[in-house]
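Enquirer: Provided herewith is a single structure, encoded as structure tokens, for subsequent inquiry.
The values are calculated or read from the model by the stated rules, or taken from the named source; none is laboratory data. As the structure is a computational prediction, the values presented were derived from the model and not from experiment. Cβ placement follows ideal geometry from the backbone for every residue including glycine, while neighbour counts extend to all protein chains displayed. These accessible areas exclude ligands, DNA and RNA; they are computed on the full protein's heavy atoms, side chains included. Shrake-Rupley method; radii C 1.70, N 1.55, O 1.52, S 1.80 Å.
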Amino acid sequence: MAAYVSMGEAHRRITDYLNRFADAVSYQDGKTLSRLVSVSSDSAVLVSLAEALNTFQDANRLMRQTEKYSQYVDILLPMLRALQSYRLRNLVESYLAFEKASNAFLQEFRNWELAWALEALYVIAYEIRILAEKADIELASIGKTPEKLKGAGSFLMKVFGVLAGKGPKRVGALYVTCQLFKVYFKLGTVHLCRSVIRSIETARIFDFEEFPVRDKVTYMYYTGRLEVYNENFPAADHKLSYALTHCNAQKEANIRMILKYLIPVKLSIGILPKQLLLEKFNLNEYSDVVVALKRGDLRLLRHALQEHEDRFLRSGVYLVLEKLELQVYQRLVKKIYIMQKQKDPSKAHQIKLDVIVKALKWLEIDMDVDEVECIMSILIYRNLMKGYFAHKSKVVVLSKQDPFPKLNGKPVNS
């Protein structure tokens with residue numbers, strides 16, 4: 001229940017907010033301005049202002065009476081409406097009002113030559129995404145089409161257009177790009193990321209190193225995820241490793257998010273994480289996958305994928321992990337090779353397909369000789385194994401030199 005606020009106190013709170021806003025613009029105080037437009041925050045100033053707006057219903061007249069405020073009325077009036085609606089949990093109304101305020105703010109921002117208001121623009125970009133997500137939840141709950149996040153994406157593209165020019169404002173382009181990524185990933189329209197990525201990575205006006213580290217880490221995280229989806233593992237490894245290396249060591253939640261995608265990439269190029277790392281960042285869903293790769297245990301790998309299927313599918317890494325089966329087969333054959341070498345070194349390089357069939361049967365995986373021959377052919381073709389077949393005797397003849405090439409940080413050949 002909202003606290004009672006007298007008319008006089010409500011007038012004072014609203015006037016105080018209007019003064020702070022006008023002064024922040026006048027003195028080019030971006031930090032203060034950013035706090036005043038953070039509608040979804042739990043700022044005591046904004047909470048008390050929302051209470052005042054419920055009592056004092058004529059903020060419009062108050063603004064237009066004073067020239068100090070009236071020049072910003074196109075920003076302030078919808079901003080106050082967005083704040084009031086948000087506190088009343090009218091989330092669609094809040095979004096619509098905030099979108100109107102944001103467009104008016106962007107128009108003013110264009111006219112300011114210096115980049116002092118970038119921090120406030122960052123908050124605007126963040127808030128419009130958050131409010132759009134909340135508005136869409138409200139729309140879906142009453143059976144209407146959730147469409148506000150798509151609208152927020154269109155606004156953010158306008159912001160990107162304003163920042164994608166020469167001058168000091170361009171350093172803000174990467175932050176807005178990252179907000180766009182979050183919108184596109186949420187909507188499942190990741191193909192829309194391409195045009196923004198092209199602008200960032202090919203436009204001469206941008207120097208990636210001049211962007212803030214925070215934004216570079218976020219950018220590399222999302223573009224790394226895109227490379228995972230495209231199965232471009234060397235690029236994914238580079239981008240996600242960059243994000244991990246430059247991420248604030250105290251932001252463990254962020255490190256975990258990066259590792260959730262980097263670990264499958266590393267596994268696909270033959271690099272296994274230590275169990276301590278998995279435990280530290282609560283990524284134990286990968287533990288059995290790693291053990292399966294070490295042992296050549298196909299049954300364990302399939303069990304791990306089945307057990308954590310929903311989680312891996314949501315992350316978009318299930319297919320990456322499923323393709324690790326070839327490495328597991330390689331490890332199984334290698335173990336058989338090592339055991340034969342201990343018994344009879346002269347015949348270690350000759351492995352009967354029947355022996356592999358029996359090893360798989362022991363793992364409760366039924367395959368006939370023809371199926372195993374097909375798998376062995378793929379291992380040889382993908383350069384996970386060197387050798388050839390003696391078809392009549394159903395034997396794999398392994399190369400005596402380096403029969404099981406290491407991936408050495410390179411993906412399995414397609």
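Enquirer: How far is the Cα center of the range 191-226 from the Cα center of the range 1-66, in Å?
Expert: Value for the Cα centre distance between the two parts: 36 Å.
Enquirer: Treating only the Cβ atoms of Lys and Arg (+1) and Asp and Glu (-1) as charged, compute the dipole magnitude of the chain about its Cα centre; round to the nearest 20 debye. Show your work: numbers first, answer last.
Expert: Working: 60 positive and 46 negative charges, 263 e Å.
With Lys and Arg at +1 and Asp and Glu at -1, about 1260 debye.
Enquirer: Calculate, for the chain, the solvent-accessible area per residue in square angstrom, rolling a 1.4 angstrom probe over the heavy atoms of the protein chains. Provide the component values of the computation, followed by the final result.
Expert: Details: 21290 Å² over 414 residues.
With all protein chains present, the chain gives 51 Å² per residue.
Enquirer: Here's another thing I want to ask about it. Tell me which label goes with the value of volume of the Cα convex hull per residue in Å³ computed from the coordinates here: [x] 176; [y] 185; [z] 260.
Expert: Matching the structure shown: [x].
Enquirer: Where the accessible area of the range 326-398 is counted over protein heavy atoms with a 1.4 Å probe, how much of it, in %, is carbon and sulfur?
Expert: Details: 2380 of 4360 Å².
C and S atoms contribute 54 percent here.
Enquirer: Filter the trypsin sites (Lys or Arg not before Pro) in the range 132-183 down to the DSSP loop ones having no more than 16 other Cβ atoms within 10 Å, then list what survives. Could you put the intermediate results ahead of the total?
Expert: Details: sites: LYS134, LYS144, LYS148, LYS150, LYS158, LYS166, LYS169, ARG170, LYS182; in loops: LYS144, LYS166.
Loop-located and lightly packed - LYS144, LYS166.
Enquirer: Turning to a different aspect of this structure: Just need the relative contact order of the range 326-398 here, percent rounded to a whole number, with Cα pairs under 8 Å and 6+ apart. Mind dumping the intermediate values first?
Expert: Working: 67 pairs, mean separation 23.6, N = 73.
RCO, the range 326-398: 32 percent.
Enquirer: Per Stokes-Einstein, at 37 °C and 0.692 mPa s, what whole-number D in µm² s⁻¹ belongs to the range 7-211, with the Kirkwood radius over Cα pairs as the hydrodynamic radius?
Expert: Details: Rh = 17.7 Å.
It comes out at roughly 185 µm²/s.
Enquirer: Sticking with this one: Quick one: check the C-alpha center-to-center distance for the range 88-160 versus the range 295-364, whole angstrom.
Expert: The range 88-160 and the range 295-364 have Cα centres spaced 51 Å from each other.
Enquirer: Starting from the 7 Å offset along Cα-to-Cβ, what nm value, one decimal, do you get for the label separation of LYS186 and GLU309?
Expert: 3.0 nm
Enquirer: I've got another one for you. Amide H neighbours of GLN350 under 5 Å, counting only residues 5+ apart in sequence or on other chains, H built in-plane at 1.01 Å?
Expert: For GLN350, whose amide H was placed from the backbone, the distant partners under 5 Å are LEU398.
Enquirer: Rounded, prolate or oblate: pick one for the range 326-398, where a ≥ b ≥ c are the square roots of the eigenvalues of its C-alpha gyration tensor, a/c under 1.5 means rounded, and failing that, prolate if a/b is larger than b/c, else oblate.
Expert: Details: a/c = 1.29, a/b = 1.12, b/c = 1.15.
Rounded, since a/c falls under 1.5.
Enquirer: Sorting check: for 57-69, 331-343, which peptide has the highest mean count of neighbouring beta carbons within 10 Å, and how do the rest follow? It would help to have the intermediate numbers written out before the result.
Expert: Working: 57-69: 13.7, 331-343: 15.5.
Taking the mean over residues of other Cβ atoms within 10 Å, the ranking is 331-343, 57-69.
Enquirer: Carbon and sulfur together cover what percent of the accessible area of the range 7-211 at a 1.4 Å probe radius? Don't jump to the answer; show the numbers that get you there.
Expert: Numbers: 4700 of 9610 Å².
It is 49 percent, rounded to a whole number.
Enquirer: With each pseudo-label sitting 7 Å past Cα toward Cβ, what's the ILE205-LEU276 distance in nm, one decimal?
Expert: It works out to 4.8 nm between the two label points.
Enquirer: Also, I was wondering about something else. For the range 57-167, what does the alpha-carbon gyration tensor say about shape, rounded, prolate or oblate, given a ≥ b ≥ c as the root eigenvalues, a/c under 1.5 as rounded, and a/b over b/c as prolate? Don't skip to the answer; put the middle values down first.
Expert: Numbers: a/c = 2.76, a/b = 1.17, b/c = 2.36.
It is oblate, given that a/c is not under 1.5 and a/b is not larger than b/c.
Enquirer: So if I take the alpha carbon set of the range 187-275, get Rg, then get Rh from the Kirkwood formula, what is the Rg over Rh ratio? Before the final figure, lay out each step's value.
Expert: Working: Rg = 13.5 Å, Rh = 13.8 Å.
The Rg/Rh ratio comes out at 0.98.
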